[in-house]
C-alpha cells in the first residue's frame, strides 16, 4: 500500500491496525522500535495512509499477535487498491457496511441524507427499524440490527450539522402500522426542534426529480475529502472520486430547490398525523 491521502477503506484499515497495536498494551513508539521503523511510519499506518509493504504489515500483525480472522481482514483491506470507491458486502447479516458508515459519521462534521422510500436511518425509531428488519429478505438478527441502528443515533450533537431531505411517500408508507407511524412522525417533529438538524420534505406533487436514482448519505469532513454512501440490499458503496461527489452535490442542490421549507415541512407532517 503506497502512501496516499486518507480514504474510507484506508481509514477502516488504519482503525484496525490501531486496535491491533492497542491490544498489545504497547505504544506506537515501542512498536516502531521493535520493528526498527521510524515512529512516523506507524503513525501514517494507523491514519490510513499506507506506506508499508505487505511483508511489513504481516510483521506488524505477527508482533501484535493479531487473531487470524482479523489479520485476514486487514490484509484484504490493505490489498484494496480502488481509489474511486469502496464496495463492502453484508456477510451473513453482520452489518459490515453500516458499521463502516457509523465510523465515518463519527469523523464527519456535516451529514446530509436523502431518502426516497423510507424514513432516513438516523431518524428511525426502534419499532420502525424492527418492522423493516422483520420484512427483510435476508436472514438477519433483528434485535442486533435494531440495537446497532439505534446506537448509530448517538452521533447527534451540536458539534455537527445534519440535513435530511425526505420524499413525502416515505412519510406515508405504513411501516409497522398506524401506531408505529404515529410515533415515528412525532419523533421527526421532535428532531426538527434541534437547531443543528434541518428536515425538509419533498412533496409528491413535484413529480420526477433529481433524486429518483435512490437514497444516499453525503459526508463532509474538516480533514478529509467528502464521501457519498449508497446503500444496497446487501452492500454499501462509498464513493470518493471528484466526479461522483460533484454529481451528488448537484442532486442535493436540486432537491434543496424543490423541497418545502422547514415550516411547510412541519405542517405537512402534522397534516399527515391528523
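Kirkwood hydrodynamic radius (Cα pairs, Å) of region 115-265? Write down the numbers at each step before the final one.
Values: mean 1/r = 0.0605 Å⁻¹.
Over region 115-265, the inverse of the mean reciprocal pair distance is 16.5 Å.
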May I ask for log10 I(q)/I(0) of the chain at q = 0.07, 0.08, 0.15 Å⁻¹, from a Debye sum over the Cα atoms as equal point scatterers with solvent left out? -0.30, -0.39, -1.13
What FRET efficiency comes out for the pair residue 72/residue 26, r = Cβ-Cβ distance, R0 = 25 Å, nearest 0.05? 0.65
First measure r as the distance between the Cβ atoms of residue 221 and residue 117, then evaluate 1/(1 + (r/R0)^6) with R0 = 30 Å and state the FRET efficiency to the nearest 0.05. 0.60
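How big is region 1-153 by the Kirkwood estimate over distinct Cα pairs, in Å?
With all distinct Cα pairs of region 1-153 included, I get 17.4 Å.
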Using a 10 Å cut-off on Cβ atoms, rank the peptides 188-200, 164-176 from the highest mean neighbour count down. 164-176, 188-200
Per-pair calculated FRET efficiency, R0 = 22 Å: residue 209 and residue 148 via Cβ, rounded to 0.05: 0.10
133, 265 arranged by Cβ crowding within 10 Å, fewest neighbours leading: 133, 265
Angle in degrees between helix 96-107 and the longest Cα principal axis of the chain, rounded to the nearest 10: 90 degrees
Below 8 Å, C-alpha to C-alpha, sequence gap of six or more: please give me the relative contact order for region 57-147 in percent. 22 percent
What is region 98-176 by shape, rounded, prolate or oblate, if you read a ≥ b ≥ c off the alpha carbon gyration tensor as root eigenvalues and call it rounded for a/c under 1.5, prolate for a/b larger than b/c, and oblate otherwise? oblate
Using only the alpha-carbon atoms, how far is helix 178-191 inclined from the longest principal axis of the chain? Give it as 0 to 90 degrees, nearest 10. 70 degrees
Region 34-83-region 128-142 distance, computed between alpha-carbon centres (Å): 36 Å
The chain, relative contact order [Cα under 8 Å, separation at least 6], %: 20 percent
Computed on alpha carbon atoms, what radius of gyration and Dmax characterise region 144-197, expressed in Å? 12.7, 35
Compute the angle between helix 54-63 and the longest alpha-carbon principal axis of the chain, please, reported from 0 to 90 degrees and rounded to the nearest 10. 80 degrees
Mind jotting down the three principal axis lengths of region 8-79 based on Cα atoms? Whole angstrom, largest first. 26, 23, 19
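Every number in this text was worked out from the coordinates using simple rules, so none of it is lab data. In this text the structure is predicted, and so the values were computed from the model without any measurement. Here Cβ is always computed from backbone atoms with ideal geometry, including for glycine, and neighbour counts include all displayed protein chains.
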